[in-house]
Amino acid sequence: MSATISKKDMASRFPAWGMIKRELLTSLRAKRSVLILLSFMLLAVLVILNEWPNSEHIYGGIKAAGRVSRNMVVLLSGCMYIGCLLFVPAYSASAIVLERERSTYDLLRMSLISPLGVVFAKLFNAIGVFMVIILSMLPVMSTAFFLVGVEYTVVIQVFILTICAVLTCACIGLACSAILRKSITSIVVTYLSVLLFLIGPLLFAYLFAVAMATFSYSRSLFRVVENIGEGTSPIWVMANVLDRGAQLGDFVTCLLYHGIVVFVCLGVAYWKIKKPPEPAKISQEKPIDDVKVLKDRRMGFPFYILDPLKRKKPIEDSRNPMMVRELRWGLLNRGTTLVRVFYVAFLIYFLAGAIASIDGRSHESMKNWFGIQIVLTVLAAPGLIANSLTKEYELGNLDMLRMTLLKPREIILGKYTAGLGALSPMLLAAVFSIIPIIFLGMFNYGAALVGYGTLLVCSLLSISIGLFSSLVTKQTTISIMISYMISIVLYLGIALVLAWFNPLWLGNDDYAMYLSPLLVLEMVLYPRYSSNILYVKWLWAMCAWLLVSAVFLRVSLFLFYRNKMQDR
Amino acid sequence: MAMIEIQHLTKHYGKFVALDDLNLEIEQGDIFGFIGPNGAGKTTTIRILSTLLEPASGQAHIDGIDVRKKPYEIKKILGYMPDDFGVYDGMRLREYLDFFGAAYKIPAKKRASIIDDVLQLTDLTSKADEFVSAFSRGMKQRSCLAKTLIHDPKVLLLDEPASGLDPRARIEMKELLKTLCEMGKTILISSHILSELGDMCNTIGIIEHGKLLAAGKVGDIMDKVREVRELRIEVLDKADETENLLKSIDGLLDIERNENVFNLQSNLDRAGIVALNTQLVQRGIPVLFLEEDQGSLEDVFLSVTKGGF
Ligand SMILES: Nc1ncnc2c1ncn2[C@@H]1O[C@H](COP(=O)(O)OP(=O)(O)OP(=O)(O)O)[C@@H](O)[C@H]1O
Ligand SMILES: [Mg+2]
């Protein structure tokens, strides 16, 4: 394309150009973009201030300065990489689905913009802010060059990897939002796919190892698979880059892997935009009253425990109507999804348990195993709960709900129960998947008590956080982002920051337990420490975290009373 | 005391004034038509009345209850049908109504028969076991109306309830509103379809830019609003004599004769028209018709509002 083409020509030749520009501008102008940018910058400045060498380092000479600058780069890059990965999916996963839900999609399809134009416009929208963030990190990171010790190749590799990861995650989100019908499913599926993308090859290698361990063990084959897994897994390569710089071969393989995912996702998105999914068909099957028919259905395939066609009872007087609605209709409608979530979670926990059992040290592996469960639950919770009230708002139901005689307390409690119900498949999977652990002889009552107790408390806390976020804003995507941010701060942030300034904090279990519910697990299940006194302390810590979640609920109620949601 | 009373109601959105010192009274048993161009502030007013929106200043009472102070009491007597509303996925109509019935604290025993009644009223009985989310727009609207009626509210606030209804449903809606009115309910209905409001409502209010421009009985407003009335006179005979007489009368602006039919533009008031008739009869002119071209609510609307945002 020659440089003489004027802007006007661009617009008339490529109708998509206008849309790309619009998408880019709106995404950059949005409040959330400014928020994200600011918080990234703040974090970066904090890191630099904290790491900047003081007089002690000067006596340490060049070696010390080198260490400082390496630290700085590692922290900054890590924050940038993980931060981007956390937020990009939320941006892109709702891109197309939201247009469809707001029924502006048909207008878009009727316009002259080609499907490819739509794909790219949405892509730019999703990554625009993050490109600005990444670019603005460049000068920040360059401060590390003032202190010797960092090779520029490392910095370049970090930036290339981050940019590619952002692009890939955006494409994954785009593909999901083109395939799926509901924004909330799209967001959840996107996050899961991104996780799979990041650790998939590694996971594959480990599964392969487990499989091999049971059949025949060939060391050389295992090494090959392991090398491939480690060389392609973006997280692993990034860690290597930050550690001592990745091998060029690994780096290129990893980029290739990114490229393939991008290509596939863009293809799927393009194809699905050209040929969008049909609107969901709702079969108007009449409810069944006949007891005999119902019994036959129960006895035959698929052996209904809860028959969807059975006529539902009217809501009982003494019950909270909101809660009944959420459980009897909301959850039941998601029945198949929940069952699938159960299977997937069970599989993951089971495999995690099996992998952990290779290790064999019972406390250590139990800790890791529960750690995985808690992290997965906490990661899933915002996707399942942070939309609970924003969804009502977006559907236009909230006004009608608020006009009824339902008290805010009833609405909030109903939603809370629904949240617990939505998390229940994961919790159930956690309970059932202990069985192999018992068989492997790693079972330990104290550890199980601590693990399940912490898991439950963390779930309750995450539900409260999700509910709170869905009352702070009216948009599901923003609510999910807020929810993740609060979770990060509570589960990691405070503890990390304090450990940073005063490393002794972490050594002191008495306090550390109140800094993050995850640390509780670390403290109590650490082999050296397990003692009865610690269990009592654990109990106290759990009470404290329950209190925190109660505070979140109370504030949510307050927000509801304050009629925060009243204006459109 | 009026059923709905609004005094000096003001609402801002940032700097934008959505409602500007609005005053309004609606008597019990009235069907009040709320008319105004897009963005006039109708929905805003209705949402304030239904306690969903906090006004900047001013007061609103329904049945003597202050909307801002006792929202819970208001909700008991108020049925509100929003202009855009959603439906829950996976709920059948009867279940949907049951949920709202329970939310309005109607005892489970009574609920079933009440639901049957509102289904009948809104002509949805045959759809009771179908999923609401698969309904067409008009059917959704009717379900929402059924939901609004479920707790037998004294006052109904309907925001554009007829916009998705087919002609037959509209007529039925009109009948339904009349029935409800006979039951002593007070109804406020906002709509753009003026011809429909004209023969549905007994009082109307016209609002623009957040200000009430006119309110009262439909006829009164027409009188007030229209300076020029169109009269049509048809005589059996003596057409020339009639023309001479008409030309001599003050207040007739334009006379257009077509054989025995006269079309007049006049600025006579009601008394003036009576006087004109008397004169004609006194001269012994055989008047076949003397009628006023009724005009429509549309003319009133156009002459009262200015348009533009
Ligand atoms: N949340 C809001 N923020 C800013 N302005 C608003 C908001 N809600 C309404 N408005 C403005 O207030 C004015 C009145 O809006 P309202 O919805 O009451 O109009 P309406 O008379 O119901 O219009 P319509 O006939 O189109 O339904 C409009 O100009 C609208 O732009
Ligand atoms: Mg309106």
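The values are calculated or read from the model by the stated rules, or taken from the named source; none is laboratory data. What you are looking at is a predicted structure, and each value in this text was computed from that prediction instead of being measured. Every residue, glycine among them, receives a Cβ derived from its backbone with ideal geometry; neighbour counts consider all protein chains shown. All accessible areas refer to the heavy atoms of the entire protein, side chains included, with ligands and DNA or RNA removed. Shrake-Rupley method; radii C 1.70, N 1.55, O 1.52, S 1.80 Å.
Taking each residue in B:85-94, count the Cβ atoms of any other chain within 10 Å of its Cβ, then average. What number comes out?
Mean shielding by partner chains, rounded to a whole number: 6.
Roughly how many Å² is the accessible area per residue of segment A:14-274, as a whole number, for a 1.4 Å probe?
On a per-residue basis, 50 Å².
For the pairs B:70/B:110; B:105/B:185; A:295/B:110; A:182/B:178; A:21/A:274; A:474/B:69, flag any whose C-alpha to C-alpha distance is greater than 32 Å.
Checking Cα-Cα distances, A:182/B:178 exceed 32 Å.
Under the definition of partner shielding as Cβ atoms of other protein chains within 10 Å of a residue Cβ, what is the mean value for peptide A:332-342?
Mean inter-chain Cβ contacts per residue within 10 Å come to 1.
Run the simple label-point estimate for residue B:178 and residue B:277 please: 7 Å along Cα→C-beta, distance reported in nm.
Each label point is offset 7 Å from its Cα along the Cβ direction, giving 2.5 nm.
Consider a paramagnetic label point 7 Å from the Cα of residue B:28 along Cα→Cβ; state which residues of segment B:139-160 have an amide N under 15 Å from it.
B:153-156
Highest GNM mean-square fluctuation, chain B, Cα pairs closer than 10 Å: which of B:52, B:236, B:124?
Maximum fluctuation in the GNM of chain B, among the listed residues, is at B:236.
For segment A:172-274, run through the chymotrypsin sites (Phe, Trp or Tyr not before Pro) and keep only the ones in DSSP coil with at most 12 other Cβ atoms within 10 Å of their Cβ.
Answer by residue number: A:215, A:217.
Let's see if you can work this out: charge +1 on each Lys and Arg Cβ, -1 on each Asp and Glu Cβ, no other charges. What is the dipole magnitude of segment B:225-298 about its Cα centre, in debye to the nearest 20?
260
Helix-derived [θ] at 222 nm for chain B: sum -39500 (n - 2.57) over DSSP H runs of at least 4, divide by residue count, nearest 500?
-11000 deg cm²/dmol
Can you tell me the Rg and Dmax of segment B:1-82, counting just the alpha carbons, in angstroms?
Taking only Cα atoms of segment B:1-82, I get Rg and Dmax of 12.2, 37 Å.
Between segment B:117-133 and segment A:263-338, how far is it from one alpha carbon centroid to the other, in angstrom?
Comparing the Cα centres of segment B:117-133 and segment A:263-338, I get a distance of 21 Å.
Any idea how far apart residue A:533 and residue B:57 come out in nm if each label point goes 7 Å out from Cα toward Cβ?
Label-label distance for residue A:533 and residue B:57, simple model: 6.7 nm.
Going by alpha carbons, how many degrees (0 to 90, nearest 10) lie between the helix axis of B:137-149 and the longest principal axis of chain B?
Roughly 80 degrees between the two axes.
Relative to the longest principal axis of chain B, what angle (0 to 90°, nearest 10) does the C-alpha long axis of helix B:108-121 take?
30
Suppose every Lys and Arg Cβ carries +1 and every Asp and Glu Cβ carries -1, with no other charges. What dipole size does chain B come out with about its Cα centre, to the nearest 20 debye?
Computed about the Cα centre, the dipole is about 1600 debye.
Dividing the Cα convex hull volume of segment A:329-562 by residue count, how many Å³ per residue is that?
Expressed per residue, the convex hull around the Cα atoms of segment A:329-562 is 126 Å³.
Between the chain alone and the structure with every protein chain in place, find the residues of segment B:105-125 that drop at least 20 Å² of accessible area; heavy atoms, 1.4 Å probe.
Output list: B:105, B:108, B:111.
Any idea of the total accessible area buried by the B-A contact, 1.4 Å probe, rounded to 100 Å²?
That pair hides around 3700 Å² of surface in total.
Give me the percent of accessible area attributable to carbon and sulfur for segment B:2-216, probe 1.4 angstrom.
Its accessible area is 51 percent carbon and sulfur atoms.
Just B:189, B:273, B:115 to compare: in a GNM of chain B, with alpha carbon springs under 10 Å, which one fluctuates most?
Its mean-square fluctuation being the largest, the pick is B:273.
By how many degrees, 0 to 90 and rounded to 10, does the Cα axis of helix B:93-103 deviate from the longest principal axis of chain B?
Value to nearest ten degrees: 80.
Just how many % of Cα pairs in segment A:237-320 lie over 14 Å apart, if you round to the nearest whole percent?
80
Can you pull the percent of segment A:329-562's accessible area that's carbon plus sulfur, 1.4 Å probe, other chains left in place?
Carbon plus sulfur share of accessible area: 74 percent.
Distance in nm between label sites at residue A:494 and residue A:445, each 7 Å beyond Cα in the beta-carbon direction?
About 3.2 nm separates the two model spin labels.
Given a Förster distance of 41 angstrom, what is the FRET efficiency for residue A:285 paired with residue A:207, based on the Cβ-Cβ distance and rounded to 0.05?
It comes to 0.50.
Please get the size of the charge dipole for the protein assembly as shown, origin at its Cα centre, with Cβ charges of +1 on Lys and Arg and -1 on Asp and Glu, quoted in debye to the nearest 20.
3300
Taking N as the number of residues in the protein assembly as shown, what is its Cα Rg relative to 2.2 N^0.38 Å?
Against the empirical 2.2 N^0.38 Å value, I get 1.21 for the protein assembly as shown.
Quick one: work out Rg over Rh on the C-alpha atoms of chain B, Rh as Kirkwood radius.
For chain B, the value is 1.09.
How high is the FRET efficiency from residue B:76 to residue B:202, r the C-beta distance, R0 25 Å, rounded to 0.05?
Calculated value: 0.45.
Using only alpha-carbon positions, what ratio does the radius of gyration of segment A:14-274 give when scaled by 2.2 N^0.38 Å?
Expressed relative to 2.2 N^0.38 Å, the Cα Rg reads 1.14.
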